[in-house]
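Undergrad: Structure provided below as structure tokens; questions to follow.
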Amino acid sequence: MGKFKLNLNSKLGIFTTVIVLIIVLLAINNRKVITESTGLDALTDEDYITYYKKACELKDADACKELGLIYDHGNKQVSQDKEKALTYYGLACELDNATACNNLAYLYNKGEGGVEKHNGYAFRYYKKACDLGDMIGCYNLASMYYHGEGVKPSKYRAKKLFEKVCENGIGAGCNDLAYMYAHGIHVRRDILKAISLYNDGCDYGEASACNNLGNMYANGSLGVQKDPVKAEQYFSKACDLDDTESCNKLVSITKISSEVDLEKAKKACKHNGATGCYKLGEYYASNDDKTKRDEDKALEYFTKACNLGQSQACKRIGDFHKNGNKF
């Protein structure tokens, strides 16, 4: 918006300023009257649904989509209702809202909350979402082609779509395309290209791509030279992206020696990573810095690790009781 400047140094400027202020005050007062007469000030949290529904009835695609999202996930005012979500996503999709088409397809694909699973419909609406330019829809369509869900399998079409979405910044597409090159699925096997695509996926924030690179360097697999340092770097990045498996693998190859390591171990344990819980137990039971030792926390983490099947943690609890309840 443009700016205007009043010349307050002239009488005309002062007079103009007064007139403007009076008009503004009248407008504000008038707005208050209009608002009160329509009851908008008294709206409850649920009332916005009424207006979204009215907008949807008037063929506002965004309003229909928003209603779909509200019923899909539920909130403090509205209970989750997948069937209603299906209805509103369907209305929005008919109005060519790409996101709604993708979400509609997803509901049919998963078949949850009273929605009947139907991969044929899922394929149809993923395709429409993709045709409308939704890259997530294109990725999901590629997966349908790859696995032959709702359509005859076609690795060729899947590859083309994975390429498209990867070029548009969808890390999952880069990851799946990398897998095809790493294993020679409908393409000539090319490890260097696979690594490059996995890196693209990882850079785009796809945890699975980071994890796959970590596994390759940790195990020296697929013709890649073993490199624990690179493995740790990729597992660390995947862990930062909340990949539980990577968090667990990360703490299995590193000792908790910093606050960063400690947070990664806690994240792994939070997601039921037994190794992370065990390492936390050791951290609190036998820390070189005696001020950081905490037998209660150590026992808590060892117990969780033991319950998750970590044998060393069970042994440490046994040692604790054998030694008179001390580590």
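Undergrad: Which entry in (1) -0.33, -0.43, -0.66, -1.13; (2) -0.50, -0.60, -0.82, -1.14; (3) -0.65, -0.76, -0.92, -1.09 matches log10 I(q)/I(0) by the Debye sum over Cα atoms at q = 0.08, 0.09, 0.11, 0.14 Å⁻¹ derived from the coordinates of this structure?
TA: (3)
Undergrad: Taking θ = phi - 60°, what integer Hz values does the Karplus form 6.51 cos²θ - 1.76 cosθ + 1.60 yield along region 71-78, in sequence order, with x for Gly and Pro?
TA: 6, 5, 9, x, 7, 4, 9, 10
Undergrad: Among ASP131, ASP296, ASP203, which one shows the biggest mean-square fluctuation in a GNM of the chain, springs joining Cα atoms closer than 10 Å?
TA: ASP296
Undergrad: Quick check on the chain: helices-only [θ] at 222 nm, where DSSP H runs of length 4 and up contribute -39,500 (n - 2.57) each and the sum goes over total residues. Nearest 500, please.
TA: -22500 deg cm²/dmol
Undergrad: Let me ask something additional. Using a Gaussian network model of the chain whose springs link C-alpha atoms within less than 10 Å, name the residue from LEU95, LEU86, LEU104 with the highest mean-square fluctuation.
TA: Answer for the Gaussian network model of the chain: LEU95.
Undergrad: If r is the Cβ-Cβ distance from ARG189 to GLU94 and R0 is 45 Å, what FRET efficiency results, to the nearest 0.05? Before the final figure, lay out the partial values.
TA: Working: r = 44 Å, r/R0 = 0.97.
Efficiency, from the Cβ-Cβ distance: 0.55.
Undergrad: Using the Karplus curve 6.51 cos²θ - 1.76 cosθ + 1.60 with θ = phi - 60°, work out ³J(HN,Hα) for each residue of region 126-140 in order, rounded to whole Hz, and write x for Gly and Pro.
TA: My calculation for region 126-140 gives 4, 5, 5, 4, 5, 4, 7, x, 7, 5, 5, x, 5, 5, 5 Hz in order.
Undergrad: Let me check against my output: what whole-number percent is the relative contact order of the chain, with C-alpha pairs under 8 Å and at least 6 apart?
TA: 6 percent.
Undergrad: Additional query: Using the count of nearby Cβ atoms within 10 Å as a rough guide to exposure, how do THR291, THR275, THR244 rank from fewest to most? List each step's numbers first, then the result.
TA: Details: THR291 6, THR275 22, THR244 19.
With the fewest neighbours first, THR291, THR275, THR244 line up as THR291, THR244, THR275.
Undergrad: Still on this structure, I have one more. Using alpha carbon centroids, what distance separates region 265-307 and region 142-162, in Å?
TA: 44
Undergrad: Additional query: To the nearest µm²/s, what D does Stokes-Einstein give for region 207-327 at 37 °C and 0.692 mPa s, using the Kirkwood radius over alpha carbon pairs as Rh?
TA: The calculation lands on 224 µm²/s.
Undergrad: Now, a different point. For LEU250, LEU91, what ranking results if the residue with the fewest other Cβ atoms within 10 Å of its Cβ goes first?
TA: Starting with the residue having the fewest Cβ neighbours, the order is LEU91, LEU250.
Undergrad: How far is helix 259-270 tilted off the main Cα axis of the chain, in degrees rounded to 10, range 0 to 90?
TA: Once rounded, the angle reads 90 degrees.
Undergrad: While we're here: Could you work out which residue, out of SER221, SER196, SER236, moves most in a Gaussian network model of the chain, that is, has the largest mean-square fluctuation with Cα springs under 10 Å?
TA: Of the options given, SER221 has the highest mean-square fluctuation.
Undergrad: For the chain, the longest stretch holding no trypsin sites (Lys or Arg not before Pro) located in a DSSP loop with at most 15 other Cβ atoms within 10 Å is which?
TA: Excluding the exposed sites themselves, the longest stretch runs over 118-187.
Undergrad: When the Karplus curve 6.51 cos²θ - 1.76 cosθ + 1.60 is applied with θ = phi - 60°, which whole-Hz ³J(HN,Hα) does each residue of region 303-317 get, with x for Gly and Pro?
TA: 5, 5, 5, 4, 5, 8, x, 8, 5, 4, 5, 4, 5, 5, 5
Undergrad: At q = 0.13, 0.16, 0.18, 0.25 Å⁻¹, what log₁₀ I(q)/I(0) does a Debye calculation on the Cα points of region 54-141 give, no solvent, two decimals?
TA: Taken in order of the listed q values, log10 I(q)/I(0) reads -0.36, -0.54, -0.68, -1.17.
Undergrad: Along Cα→Cβ, 7 Å out, is where each label goes; now give me the distance between the ones at THR291 and ASP203 in nm to one decimal.
TA: 4.3
Undergrad: Sticking with this one: Apply 1/(1 + (r/R0)^6) to the Cβ-Cβ distance of GLN225 and LYS255, taking R0 = 30 Å, and write down the FRET efficiency to the nearest 0.05.
TA: Values: r = 24 Å, r/R0 = 0.80.
The formula returns an efficiency of 0.80 here.
Throughout, read-outs are computed from the coordinates displayed, never taken from laboratory work. All of these numbers come straight from a predicted model, not from anything done at the bench. Cβ: placed from backbone, ideal geometry, glycine included. Neighbour counts: every protein chain shown.
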